[in-house]
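Working notes, beginning with the structure itself.
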Amino acid sequence: MKMRYPLALFLFLLTNFYFSQNKTKIYVIGNIHDSVPNYHPVILFGMLEKIKPDIILHEVDSKGMKEYETDNTSKENEITATNLYLKKHSDILRFPFDFEGRNQYRKDKGMVPTDNLSVKLIDSLYKVKQLSPAETKLYEDFLDTTKELMKIAEQSPEHFNNKATDKISEKRQNMQYSGLIKITDQRPEFANRYVTKPNGENISYRDGFKLMSGFWDLRNQTMAKNIYAIAEKYPHKKIVVLTGFLHRYYLLKELNRLNKGNYVIKEFYE
C-alpha cells in the first residue's frame, strides 16, 4: 500500500511534465521593421533558427500577407528573414494577425493623416513657445521617452525585447495617446484645422487624433485575439509573433489576460 502513493505521485508529475512540455509556445518578438546595422534579416533569421517555429505570424492583414508572399523586392526585416527561413523549412505556416483592412480603415475614418498632422502641429507650437507650461512638459516628456527608446533600439534585439523596455514603450504610447490628446482637446488650433476624408467629409485634427488614440487600443486588442485564435486552432506548436517592438507590451498583456493555461509565453533568448 505504501508503494502506491509514491508511484501515483510520480505518474502525476510525469503527466504534468508531459502536458507542460507539449503546451503551445508563443514567442512575441519586437522588431525594427527596416534593416539597420544592429538589426537586419540575418540576425532575425538566426533567432528563428534557434526557436524552430512551426508557425510565424506577421503584423499585416490578409491583403498585406498576399503582398508579402508575392513581392520579392521587400527589404523589411520580418518578411526577408522569414522568406529565408521558409526556403530551409518549407513546412512552416505563415499567417497575418493584424486588424483587417487596417490602412483603409484609418483613412476612411480620418485618423490618417490627422494623427501625424496633429503631432507636427504640436511640435511647431512647441518650437515657437506657444504651448502652456503644462503642455510643454507633456510634449517634452513624450520627446524624451521617444529618444530613450531610440537609443535602446540601437542595441541588440535582447535590449528591446525585455520587461524593462516594455515598460518604457507602454509609457511612451500612453504619453502619445493619453497625454498629447490633452493638448489637442484643449487648444483651438486642432479644432479649426481639417482634412478631407475619402467620402468627401471634413474631419478636424482634434477629432481625427482622438479616433487614432482609441484605435491604438482596438488594434492591439484585435491583434491579440487573432494570435489567441491561431494558438487555439494549432495547439502544441511553436508560434513566433513578429511585431513592431512598441506593440510588444500590449500584446503580451492581452495574451496573458486571454490565456486559460493553453500556452506559455517565452522570450527568443531563453
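Tallying residues that are modelled with pLDDT of 95 or more and either assigned to a loop (DSSP other than H, G, I, E, B) or touching a strand residue (DSSP E or B) at 6+ places or on another chain (Cβ under 8 Å) (or both) within region 227-270 yields 30. The set of residues from region 225-249 being of a type in the set (S, T, Y) and either in contact with a Lys or Arg (Cβ under 9 Å, 6 or more places away or on another chain) or surrounded by fewer than 21 Cβ atoms within 10 Å (Cβ to Cβ) (or both) comprises Y228, Y234, Y249.
Note on region 26-42: residues that are out of contact with any Pro (no Cβ under 7 Å at 6 or more places or on another chain) and over 23 Å from N220 (Cα atoms) amount to 6. Is it the case that some residue within region 258-270 is closer than 25 Å to E140 by Cβ and aliphatic (A, V, I, L, M)? No: zero hits. Evaluation of T15 against the conditions (1) among the hydroxyl-bearing types (S, T, Y); (2) open to solvent by 40 Å² or more (accessible area, probe 1.4 Å); (3) at pLDDT 90 or above shows that the sole unmet condition is (3).
Restricting attention to region 37-50, the residues that are touching a residue at least 60 places away in the same chain (Cβ under 8 Å) and either out of contact with any strand residue (DSSP E or B) (no Cβ under 9 Å at 6 or more places or on another chain) or of a type in the set (S, T, Y) (or both) add up to 4. The set of residues in region 36-70 being among the hydroxyl-bearing types (S, T, Y), open to solvent by 10 Å² or more (accessible area, probe 1.4 Å) and more than 24 Å from E232 (Cα to Cα) consists of Y68, T70. Scanning region 117-130 finds no residues that are more than 30 Å from T196 (Cβ to Cβ), out of contact with any strand residue (DSSP E or B) (no Cβ under 7 Å at 6 or more places or on another chain) and in a helix (DSSP H, G or I). In region 122-140, the residues that are among the small types (G, A, S) form Cβ pairs under 9 Å with partners that are surrounded by fewer than 19 Cβ atoms within 10 Å (Cβ to Cβ), at six or more places apart or across chains, as follows: S124/Q130; S132/Q186; A134/K182. Within region 207-233, residues that are more than 26 Å from M175 (Cα to Cα) and free of Cβ contacts under 8 Å to residues at least 60 places away in the same chain have Cβ atoms under 9 Å from residues that are of a type outside the set (S, T, N, Q) and surrounded by fewer than 20 Cβ atoms within 10 Å (Cβ to Cβ) in these pairs: Y228/E254; Y228/L258, counting only partners at least 6 apart in sequence or on another chain.
Can you pull out every residue in region 187-205 that is within 18 Å of A134 (Cβ to Cβ) and either buried (at least 20 other Cβ atoms within 10 Å of the Cβ) or modelled with pLDDT under 95 (or both)?
Once the filter is applied, which keeps residues that are within 18 Å of A134 (Cβ to Cβ) and either buried (at least 20 other Cβ atoms within 10 Å of the Cβ) or modelled with pLDDT under 95 (or both), region 187-205 yields only F190.
Would a scan of region 72-79 turn up a residue that is touching a Leu at 6+ places or on another chain (Cβ under 7 Å) and among the hydrophobic types (A, V, I, L, M, F, W, C)?
Quick first cut of region 72-79, residues touching a Leu at 6+ places or on another chain (Cβ under 7 Å) only: 77-78.
Subsequent filtering for residues that are among the hydrophobic types (A, V, I, L, M, F, W, C) retains none.
The answer is no, given that none of the residues of region 72-79 is touching a Leu at 6+ places or on another chain (Cβ under 7 Å) and among the hydrophobic types (A, V, I, L, M, F, W, C).
The test for being open to solvent by less than 50 Å² (accessible area, probe 1.4 Å), within 26 Å of A231 (Cα to Cα), free of Cβ contacts under 8 Å to residues at least 24 places away in the same chain and in contact with a Phe, Trp or Tyr (Cβ under 8 Å, 6 or more places away or on another chain) holds for I79. All conditions in (1) under 24 Å from G208 (Cα atoms); (2) touching a His at 6+ places or on another chain (Cβ under 6 Å) hold for K120, with the sole exception of (2).
Does T145 count as on the phi < 0 side of the Ramachandran plot, in a helix (DSSP H, G or I) and within 18 Å of the chain's Cα centre (by Cα)? Talk me through it step by step, then tell me what you get.
Details: on the phi < 0 side of the Ramachandran plot: yes; in a helix (DSSP H, G or I): yes; within 18 Å of the chain's Cα centre (by Cα): yes.
Criteria met by T145.
The values are calculated or read from the model by the stated rules, or taken from the named source; none is laboratory data. Bear in mind that the values here come from a model prediction, so they are computed numbers and not experimental data. Reconstructed Cβ throughout: ideal geometry from the backbone, glycine too, with neighbour counts over all protein chains shown. These area figures cover heavy atoms from the full protein model, side chains too; ligands, DNA and RNA do not enter into them. Shrake-Rupley method; radii C 1.70, N 1.55, O 1.52, S 1.80 Å.
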